[in-house]
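Chemist: Once you've had a glance at the structure underneath, I'll fire off some questions.
The values are calculated or read from the model by the stated rules, or taken from the named source; none is laboratory data. Note that this is a predicted model, so its numbers are computed, not measured. Reconstructed Cβ throughout: ideal geometry from the backbone, glycine too, with neighbour counts over all protein chains shown. Calculation scope for accessible area: heavy atoms of the full protein, side chains included, ligands and nucleic acids excluded. Shrake-Rupley method; radii C 1.70, N 1.55, O 1.52, S 1.80 Å.
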Amino acid sequence: MKIGKYKLENVNKLDLTYLNRDIDRRQVEVFKVKFIKNGICDPIKVCADYGVLEGHHRVIAFKELYPNSDIPVYILTWYKNLSDEEKLQVIISLNSKNLAWKPINYLKSWSNIREDYKYVFDKFNNNNSFTVHNYITLYFQRKRGLSDKFKEGNSEFINKNHSDHLLKGLTQLRDNYGSKVVNGNIVNRIIPACNSNPKKDRTDFIIDKIKLDLENDTDYYLSPERTEKRLRYFVEKYKEMYYEN
């Protein structure tokens with residue numbers, strides 16, 4: 001059994017690692033109210049070198065209320081000399097159930113360690129007219145939904161060059177027909193249809209067919225369900241024309 005050690009420690013000794021997600025000021029203020037009313041009831045979980053693993057919002061709230069004061073900590077003594085990757089894995093496992101992590105939290109935190117995550121995070125920052133989930137599906141996943149592999153920092157590019165090419169096509173669609181038509185839900189249907197077999201000519205075929213529909217003011221893209229049906233039709237037409245199995 002792994003048993004750590006409880007103690008009081010100066011709050012300034014605690015290391016708020018850069019690996020954690022962004023601080024939510026609303027949570028900080030909530031904890032301030034709780035501390036003033038009830039004191040601090042739960043210790044902060046730290047690794048052997050006092051890197052904060054769980055309780056980042058509480059540490060900040062405490063420091064702002066009681067600078068230079070002692071705070072109760074629980075030292076997970078078996079976590080020592082952790083690499084950044086190991087530390088982030090522990091942080092996610094301890095925190096994600098307390099205040100659910102969002103896709104952007106995983107992407108941004110892992111971007112400090114993983115070059116492919118950083119590439120996608122930078123793409124999102126430079127062109128955030130699409131949702132962060134769109135970008136995750138575009139570069140990392142053939143199906144919609146946030147996979148455990150992505151959360152654990154283990155996702156790899158499907159095909160970076162193809163994803164860049166598809167992003168360019170989607171951006172043109174959005175610029176030409178507006179974000180209300182080419183919205184996040186619709187884009188998240190187009191991406192798997194193109195990523196299921198990531199070839200540029202196949203993707204161009206699908207994008208060109210969508211453009212033709214939108215130019216003719218069709219109603220295929222008024223709902224995700226109709227969009228999926230239309231995309232399946234395009235995929236089958238491409239297979240027929242180019243003898244794709």
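Chemist: From (1) open to solvent by 70 Å² or more (accessible area, probe 1.4 Å); (2) at pLDDT 90 or above; (3) closer than 20 Å to Ser129 by Cβ, pick out the condition that doesn't hold for Arg174.
Modeler: (1)
Chemist: Let me ask you something else. When segment 172-192 is examined, which residues are found to be under 14 Å from Ser223 (Cβ atoms), of a type in the set (Lys, Arg) and in a helix (DSSP H, G or I)?
Modeler: Within segment 172-192, just Arg189 meets the criteria.
Chemist: Let me ask you something else. Out of Lys211, Lys143, Lys199, report the one residue that is exposed (fewer than 13 other Cβ atoms within 10 Å of the Cβ) and more than 15 Å from Val120 (Cβ to Cβ).
Modeler: On inspection, the qualifying residue turns out to be Lys143.
Chemist: State which residue is most open to solvent (accessible area, probe 1.4 Å) when the search covers only segment 177-192 and only residues that are free of Cβ contacts under 8 Å to residues at least 40 places away in the same chain and over 14 Å from Val132 (Cα atoms).
Modeler: This residue is Lys180.
Chemist: Still on this structure, please answer the following. Taking only segment 4-19 into account, find how many residues are over 20 Å from Glu86 (Cβ atoms) and either of a type in the set (A, V, I, L, M) or open to solvent by less than 30 Å² (accessible area, probe 1.4 Å) (or both).
Modeler: Result for segment 4-19: 3.
Chemist: Could you please give the count of residues in segment 1-19 that are closer than 20 Å to Lys108 by Cα and in a loop (DSSP other than H, G, I, E, B)? It would help to see each step written out before you state the result.
Modeler: Let us first name the residues in segment 1-19 that are closer than 20 Å to Lys108 by Cα, namely 15-19.
This time we only want the ones that are in a loop (DSSP other than H, G, I, E, B), so: 16-19.
Summing the residues that are closer than 20 Å to Lys108 by Cα and in a loop (DSSP other than H, G, I, E, B) in segment 1-19 gives 4.
Chemist: Here's a check for you: in segment 224-245, which residue that is farther than 15 Å from Asn188 by Cβ and not charged (D, E, K, R) is surrounded by the most Cβ atoms within 10 Å (Cβ to Cβ)?
Modeler: Phe234
Chemist: Which ranges mark the helices (runs of 4 or more DSSP H) fully within segment 114-158 that have 2 or more residues being of a type outside the set (Lys, Arg), within 20 Å of Thr203 (Cα to Cα) and in contact (Cβ under 8 Å) with a residue 40 or more places away in the chain?
Modeler: Details: elements: 115-126, 132-140, 148-151.
Fully inside segment 114-158 and qualifying: 132-140.
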